[in-house]
1. Just report the Cα centroid separation between the range 208-261 and the range 22-50, whole Å.
2. Is it possible to state the helix-based mean residue ellipticity at 222 nm for the chain, with each DSSP H run of 4+ residues giving -39500 (n - 2.57), the sum divided by total residues, to the nearest 500 deg cm²/dmol? What is it?
3. Expected output is a single nm value to one decimal: the length gained when fully extending between Asp70 and Leu201, i.e. 0.36 nm times separation in residues minus the C-alpha distance. What is it?
4. Fewest to most neighbouring Cβ within 10 Å: what's the order for Trp29, Trp244?
5. If I take R0 = 41 Å and measure r between the Cβ atoms of Arg95 and Thr208 in this structure, what FRET efficiency does the formula 1/(1 + (r/R0)^6) give, to the nearest 0.05?
6. If you place +1 on the Cβ of every Lys and Arg, -1 on the Cβ of every Asp and Glu, and leave all else neutral, what size is the dipole of the chain about its Cα centre, to the nearest 20 Debye?
7. Could you list Glu250, Glu157 so that the one with the fewest beta carbons within 10 Å of its beta carbon is first and the one with the most is last?
8. Determine the relative contact order of the chain: mean sequence separation of Cα pairs under 8 Å and six or more apart, normalised by residue count, in whole percent.
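Quick note: the coordinates plus some simple rules give every number you see, no bench work behind them. As the structure is a prediction and not an experimental result, all values here were calculated from the model. Glycine also receives a Cβ, built like all others from the backbone with ideal geometry; neighbour counts cover every protein chain displayed.
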Amino acid sequence: MPPDAHGAPTENPRGRRQSGNLITVGVVWRRTDFRESSRVVSILTRDHGRVTGLAKGAHRPDSVFLGRLDFLNEVAATFSPDRGGLRLLTRVELRRERRALRHPARFVAASHLAQLCDFAMPEDRPDPAIYDLLVGGLNLIERCTSSAIPRIVLGLELRYLDHLGALPDLHHCAECGVDLHPGAFRSGDAPGLLCRRHADLPRHAIGTTSLQLLQRLHTTPGREWPDLVHDGDPRLAAVLPAIWLAAATEQRTRLRGLIFARATDGNAQGSH
């Protein structure tokens, strides 16, 4: 996926090694207290995946890390050489502090996105496309209007599923390839969308406006999502990606329920 498809910055410095140290740019993810004054910190990076290190003395009032290791800050970090144990986080330079994400709705949406990207970036296994999706998505969530947040998250989830190879064809029947207009269904546990002819009973009809919204988000550049005008309610359309995400990641997040609070199987689609 091209970086500008979801608002990612064009500058993306590559991680490098200097005297055995790992110097890289990334987004602060997990922070766990270690003993009284230190923290174990995980940073999501473009070139090294998730990198974890011990920030000694991070809780001290005079710490060099003070104010730099806040959640979702973009930083340039220096880690000690990998000798088979936990690296030391020796230096952090703050590149970007995302203050707008402290707003509750934006914070929940950003946390949900980071959780998805963390799943796709295990320790020391880079996935540049997922990192670009994370940074571009955070940019969109930070700048969009509050009302656009569910739509932005829905679009990001579709990009994420597409990258994992877990996004079904949104336009054609998975069985016969016929155009799904004017109606689509899902049947049982099958992930694909089906036409009426091939959807076994009991089948679940997909709301026309919900499907059209998913189709529009999938084909529209991410930078245009905040201004996308469509009749479909993203909270209703969110039911299908929820099913696909659960199948792809084998996990469900409570954060998603807060973003799409109004979406339920009962009002998003009916049984036929």
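1. If we compute the Cα centre of each part, the gap is 30 Å.
2. Numbers: 8 runs with 86 residues, N = 272.
When only DSSP H runs of four or more count, the value is -9500 deg cm²/dmol.
3. Values: separation 131, 0.36 × 131 = 47.16 nm, distance 5.03 nm.
Length gained between Asp70 and Leu201: 42.1 nm.
4. Numbers: Trp29 22, Trp244 19.
Ordered by Cβ neighbours within 10 Å, fewest first: Trp244, Trp29.
5. Working: r = 44 Å, r/R0 = 1.08.
E between Arg95 and Thr208, to the nearest 0.05, is 0.40.
6. On the way: 36 positive and 30 negative charges, 194 e Å.
That gives a dipole near 940 debye.
7. Details: Glu250 8, Glu157 25.
Starting with the residue having the fewest Cβ neighbours, the order is Glu250, Glu157.
8. Numbers: 507 pairs, mean separation 44.0, N = 272.
After rounding, I find 16 percent.
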